[in-house]
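Trainee: Following this message is one structure expressed as structure tokens.
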Amino acid sequence: MTEIESPLGKKSSYISHYQPDLLFPIPRQLKRDEIAVPAILPFNGVDIWNGFEISWLNIKGKPVVAMGEFIFPCSSPNIIESKSFKLYLNSFNNTPFESLDKVTGIMMRDLSLAAKSPVQVKLTALADFPPTQIQSFSGVNLDLQDIACDTYLVTPDYLITEETLVSESVFSDLLKSNCLVTGQPDWGSLQIQYTGKKIQHAGLLKYIVSFRNHNEFHEQCVERIFMDILKRCRPEKLTVNARYTRRGGLDINPYRSNESEAMPANIRLCRQ
């Protein structure tokens, strides 16, 4: 599929019979070159997508509904454009399948081919879905800082360190950016865990707020934040974890870390 065929920003007809070529991959390298991510990635991590609008027909024509968890490694060459993912999932709506396991295998195959890397897929029937507790990020809430803000385009200069060495976790619910093409707002919460020189909290919050009018995909914003902090503050350890609100039945939750543990718990925040 060529770039001109992307569904981004275009009126789309929803296809309700299985069609795998609706998936539109986008190379990660395009944006990584822009923010100078080295060829040997300075982070591990995943992009966790949660799907809330998944349905197909059983062999008797009765609808089945399920929820989905899709885990893309950050080392995959491609991300999947989110609108194309929604169109792809909707193409299952009027298609009969033998079982949930059959649908899981098909989605795993299709998404892995598009991402050019193994993608984990877990589908859960609603009757089997466990009770889920609403949680919040742990650490210091940066949003309690009484600051004045007047800059809404990314400004890494706000990232300033002190001489004190710390290991801390901080978070903010004020992350907002915009879709790279459609301009629709992307709302998110951000947790930053690091070991190194203390990052001034007021400046860090101003930096997060400065994404407010920035146009970039979720995964790319998180990698930009990781690289800016890594270059400006030089922490020994760094983890950036973002959880975005859903749009069209999908939420996207990128996680990047230079520690060996690169699989976060797939928690649900109050806006999710």
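Trainee: Select, from Leu111, Leu100, the only residue that is surrounded by 15 or more Cβ atoms within 10 Å (Cβ to Cβ) and within 22 Å of the chain's Cα centre (by Cα).
Mentor: Only one candidate qualifies: Leu111.
Trainee: Since Ser75 meets every condition but one in (1) surrounded by fewer than 17 Cβ atoms within 10 Å (Cβ to Cβ); (2) not in a loop (DSSP other than H, G, I, E, B), which condition does it not meet?
Mentor: Only one criterion in (1) surrounded by fewer than 17 Cβ atoms within 10 Å (Cβ to Cβ); (2) not in a loop (DSSP other than H, G, I, E, B) is unmet by Ser75, namely (2).
Trainee: In addition: So Leu144 passes all but one of these: (1) touching a strand residue (DSSP E or B) at 6+ places or on another chain (Cβ under 9 Å); (2) over 23 Å from Arg232 (Cα atoms). Which condition number does it fail?
Mentor: (1)
Here's the yes/no breakdown for (1) modelled with pLDDT under 95; (2) buried (at least 20 other Cβ atoms within 10 Å of the Cβ); (3) touching a Ser or Thr at 6+ places or on another chain (Cβ under 7 Å):
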{"position": "Gln193", "(1), (2), (3)": "no, yes, yes"}
{"position": "Ile199", "(1), (2), (3)": "no, yes, yes"}
{"position": "Val209", "(1), (2), (3)": "no, yes, no"}
{"position": "His214", "(1), (2), (3)": "no, no, yes"}
{"position": "His218", "(1), (2), (3)": "no, yes, no"}
{"position": "Arg224", "(1), (2), (3)": "no, yes, no"}
{"position": "Pro235", "(1), (2), (3)": "no, yes, yes"}
{"position": "Gly248", "(1), (2), (3)": "yes, no, no"}
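Trainee: Could you tell me whether Val64 is in a strand (DSSP E or B) and either without any contact (Cβ under 8 Å) to a residue 24 or more places away in the chain or more than 21 Å from the chain's Cα centre (by Cα) (or both)?
Mentor: Yes.
Trainee: Another question about this same structure. Residue by residue through the range 29-61, note down the ones that are in contact (Cβ under 8 Å) with a residue 40 or more places away in the chain and closer than 15 Å to Leu230 by Cα.
Mentor: Matches in the range 29-61: Arg32, Ile35, Ala36, Val37, Pro42, Phe43, Asn44.
Trainee: Which number in (1) at negative phi; (2) touching a Ser or Thr at 6+ places or on another chain (Cβ under 7 Å) marks the one condition that Lys62 misses?
Mentor: (2)
Trainee: Just one of (1) touching a residue at least 40 places away in the same chain (Cβ under 8 Å); (2) in contact with an Asp or Glu (Cβ under 6 Å, 6 or more places away or on another chain) trips up Lys198, so point out which.
Mentor: Going through (1) touching a residue at least 40 places away in the same chain (Cβ under 8 Å); (2) in contact with an Asp or Glu (Cβ under 6 Å, 6 or more places away or on another chain) one by one, Lys198 breaks only (1).
The values are calculated or read from the model by the stated rules, or taken from the named source; none is laboratory data. This one's a predicted model, so the numbers in the text were calculated from it and none came from an experiment. All Cβ positions, glycine included, derive from the backbone under ideal geometry; neighbour counts span all protein chains shown.
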